[in-house]
Every structure is written in C-alpha cells, then in structure tokens.
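The values are calculated or read from the model by the stated rules, or taken from the named source; none is laboratory data. This one's a predicted model, so the numbers in the text were calculated from it and none came from an experiment. No Cβ is skipped: glycine too gets one built from the backbone with ideal geometry, and neighbour counts run over all protein chains shown.
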Amino acid sequence: MSRVETMWGTVVNLSAAGMLVELGFPLAPGTDWISRSSFRRGLSVAGWGQIVRRATRPATACASTALKDDAIERLRRFVSKREEGT
C-alpha cells in the first residue's frame, strides 16, 4: 500500500545530484519521493528520487535519481550563478 502526502519544506542545500530539505519531521531512508520545487529567480524543476539519509535537525537528505526535461542542466546553471554571487 502506498501513501501519498503533500509536504512543504525548505531546500537548505542544492546540487545537481540532490538536495537537503528541511521538513517538519524526518522521513525514513528508502522512502520514494516526487518533487516539484520552485526556487528564486524563477527556477522550477520536477523529478523523483529516494530519501538516502536522515540529517541533523528535522531535516531529510534527498538524492535525485531522475529529473524531468533539462532540469539537471538548469540546476547546474542556477548553482553556478549562486557560487559566482550573481
């Protein structure tokens, strides 16, 4: 039996390989997830993956296993602009 819930969280760390998301409660490693994430500057990506580990605080680390369309390239450009400070 699968259970579907909608949760809101804050992305505290982001890369093309995955993200660290702060939620109100931790999810167990191995939990499948579907993400529809919107970021500042208009970046929006959708994908799916699996929780890979629990982090400190009420946060959960997620690893992207697949992203739709050209999301990986858009994430790389977004992260690179943030690192450059633009």
Which of the residues spanning the range 31-43 are modelled with pLDDT of 75 or more and either assigned to a strand (DSSP E or B) or surrounded by fewer than 11 Cβ atoms within 10 Å (Cβ to Cβ) (or both)?
-> Asp32, Trp33, Ile34, Ser35, Arg36, Ser37, Ser38, Gly42
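Among the listed residues Ala46, Ala28, which satisfies the condition of being of a type in the set (A, V, I, L, M) and either more than 27 Å from Lys81 (Cα to Cα) or part of a loop (DSSP other than H, G, I, E, B) (or both)? Please lay out each step first, then the result.
Values: Ala46 fails: either more than 27 Å from Lys81 (Cα to Cα) or part of a loop (DSSP other than H, G, I, E, B) (or both).
Residue meeting the stated conditions: Ala28.
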Filtering the range 22-32 down to residues that are in contact (Cβ under 8 Å) with a residue 24 or more places away in the chain and over 11 Å from Arg53 (Cα atoms) yields Glu22, Leu23, Gly24, Phe25
If you go through Thr10, Thr6, the only one that is modelled with pLDDT of 80 or more, polar (S, T, N, Q) and exposed (fewer than 14 other Cβ atoms within 10 Å of the Cβ) is Thr10
Can you name every residue in the range 49-74 that is at pLDDT 80 or above, surrounded by 14 or more Cβ atoms within 10 Å (Cβ to Cβ) and not in a strand (DSSP E or B)?
-> Arg74
